[in-house]
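Comments concern the structure below.
The values are calculated or read from the model by the stated rules, or taken from the named source; none is laboratory data. Just so you know, these numbers come straight off a predicted model, no measurement behind them. Cβ placement follows ideal geometry from the backbone for every residue including glycine, while neighbour counts extend to all protein chains displayed.
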Amino acid sequence: MPESVVKAKRKTRAQRAETPPVAYCPDLPDESQLIFEDGEPLESDWHVLQVYLLHEVVSQLFEGRTDFFCGGNMFIYFSEEQVESVRQQRPLYKGSDFFVVKDVDGLKPRKGWVVWKEGGRYPDVIIELVSPTTTKKDKQKNLALYSKTFGTEEYFWYDPDRDELKGFRLVDGDYVPIEPSEQGWLWSNQLGAYVGVWEGVFHRRQYRWVRLFRADGSLVLTSQERAEQERQRAEQERQRAERLAQRLRELGIEPEE
């Protein structure tokens, strides 16, 4: 591994809480010198919404917590060679479609994930959304990068054209495929939830979406879905009360307001 690559730093939760973040490789550029936008459009309407949906459901899964960071379609910088390749518009790597880093300050503003500014931390979970232009990278090349350089504990990719979902867990430095459940879902130790495919409507779009499911099999709802669920419950309760009041009137009893 080149010396300019920031080595993945793994600590226990307790160690992370006790140790303040430190800057690694001080000779690497400051964030003000890095490029965080390349002007390239995302792949599709589904792609844009899928990244947003993943961010939403992870935030709902970790509701009330501020010790995690979700990134979507943003640069991840980890080495001097990579920084220079981006500057030369021949990037060796730019970033993942979606990633989660745990045990970090989730309220800190970030234009991208700069490893040497984050105490040597790499993503704990990465999800790639495969497209015709990224198939080889997502299904083959990233396995080595994410396991050997990043040390990312879990890597998932979903190919919407083939409706194919795969997941890998890091075991002794190598990725081992995650066995699917009866429903075809993949358990994530890092998220404490299943990663699976769900067909339905999100933001008025009917597609097959990558979603999270709790250990009991229930879908992790978005905030809008939760609000709609509560609205339906309230409406059902109102209708039940109206039926009871009508029944009482039929019996000659005036219900109390």
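Structure summary
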{"item": "Some residue of region 165-178 being assigned to a loop (DSSP other than H, G, I, E, B), assigned by TED's automatic domain parsing to the domain that holds Ser96, under 22 Å from Lys102 (Cα atoms) and in contact (Cβ under 8 Å) with a residue 24 or more places away in the chain", "result": "yes"}
{"item": "Residue list for region 201-247, restricted to those being under 25 Å from Asn189 (Cα atoms) and part of a strand (DSSP E or B)", "result": "Arg208, Trp209, Val210, Arg211, Leu212, Phe213, Leu219"}
{"item": "Count of region 189-200 residues which are in a strand (DSSP E or B) and either touching a residue at least 40 places away in the same chain (Cβ under 8 Å) or not assigned by TED's automatic domain parsing to the domain that holds Val57 (or both)", "result": "2"}
{"item": "Test: residue in region 153-163 that is of a type outside the set (A, V, I, L, M, F, W, C), within 21 Å of Phe68 (Cβ to Cβ) and assigned to a loop (DSSP other than H, G, I, E, B)", "result": "yes"}
{"item": "Candidate set from region 75-100 (those that are among the hydrophobic types (A, V, I, L, M, F, W, C) and buried (at least 18 other Cβ atoms within 10 Å of the Cβ)); member that is modelled with the lowest pLDDT", "result": "Val86"}
{"item": "Neighbours by Cβ (under 8 Å, 6+ apart or cross-chain): first from region 64-85, over 21 Å from Leu129 (Cα atoms); second of a type in the set (Asp, Glu) and in a helix (DSSP H, G or I)", "result": "none"}
{"item": "Some residue of region 181-188 being without any contact (Cβ under 8 Å) to a residue 24 or more places away in the chain, closer than 22 Å to Cys70 by Cα, crowded, with 16+ Cβ neighbours inside 10 Å and under 18 Å from the mean Cα position of the chain (by Cα)", "result": "yes"}
{"item": "Residue within region 26-48 that is part of a helix (DSSP H, G or I), touching a Leu at 6+ places or on another chain (Cβ under 6 Å) and at pLDDT below 95 present", "result": "yes"}
{"item": "Ile76 being more than 22 Å from Glu199 (Cα to Cα) and of a type in the set (A, V, I, L, M, F, W, C)", "result": "yes"}
